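Before any comments, here is the structure.
The values are calculated or read from the model by the stated rules, or taken from the named source; none is laboratory data. The shown structure was predicted, so the numbers you read here are calculated from the model rather than taken from an experiment. Every residue, glycine among them, receives a Cβ derived from its backbone with ideal geometry; neighbour counts consider all protein chains shown. Side chains included, ligands, DNA and RNA excluded: accessible areas come from the protein's heavy atoms. Shrake-Rupley method; radii C 1.70, N 1.55, O 1.52, S 1.80 Å.
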Amino acid sequence: MFKIKNVCRRFNEIRKTIGLRRAVVHSLKKATGLAACEDDIKVLRYIIENYVDITKFPPAKGELRKFQLCQTEMLNILNEICKKNNFTF
């Protein structure tokens, strides 16, 4: 069980170090478990980038290929909208 006083004190320490916005984001990630998820993603990305040769994978087929094509089309649409409105992503 945690004490609200300790949570507030820790939040204020973080806020002083990294700023209010980043402290809120940090706290939300910790509370929701996304911080651990992000760490897992970073480790997985490192492994893939340094130890996996994606050119050795067979091409996607069936439902996975349909999903890939759909995602590509959605990104193309997002890209067009962003260009039209001078947004960057």
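Quick notes on this structure:
- Lysine pair count for the chain [Cα-Cα under 30 Å; pairs on different chains or 8 or more apart]: 18
- Average accessible surface area per residue within the chain, 1.4 Å rolling probe, Å²: 97
- Computed 3J(HN,Hα) for segment 80-89, one whole-Hz value per residue from the Karplus formula 6.51 cos²θ - 1.76 cosθ + 1.60 where θ = phi - 60°, is 4, 4, 5, 4, 4, 9, 6, 9, 10, 9, glycine and proline marked x.
- For LEU75, the solvent-accessible surface computed with a 1.4 Å probe is close to 100 Å², ligands and nucleic acids excluded.
- Under Karplus coefficients 6.51, -1.76 and 1.60, residue-wise ³J(HN,Hα) of segment 9-20 in Hz, glycine/proline x: 4, 5, 4, 5, 4, 5, 4, 5, 7, 10, x, 4
- Tensor-based shape of segment 14-89 (alpha-carbon gyration tensor, a/c under 1.5 rounded, otherwise prolate or oblate): oblate
- With Cα atoms, 0 to 90° folded angle of helix 34-51 axis to the chain main axis: 40
- Proximal charge balance of ARG22 [Cβ under 15 Å; K/R count +1, D/E count -1]: +4
- Dipole check for the chain: with +1 at the C-beta of Lys and Arg, -1 at the C-beta of Asp and Glu, and the Cα centre as origin, the magnitude is about 660 Debye.
- Two-site label geometry, LEU78 and LYS56: point separation in nm, points 7 Å out along Cα→Cβ: 3.0
- What a 1.4 Å probe finds exposed on the chain is 62% carbon and sulfur by accessible area, rounded to a whole percent.
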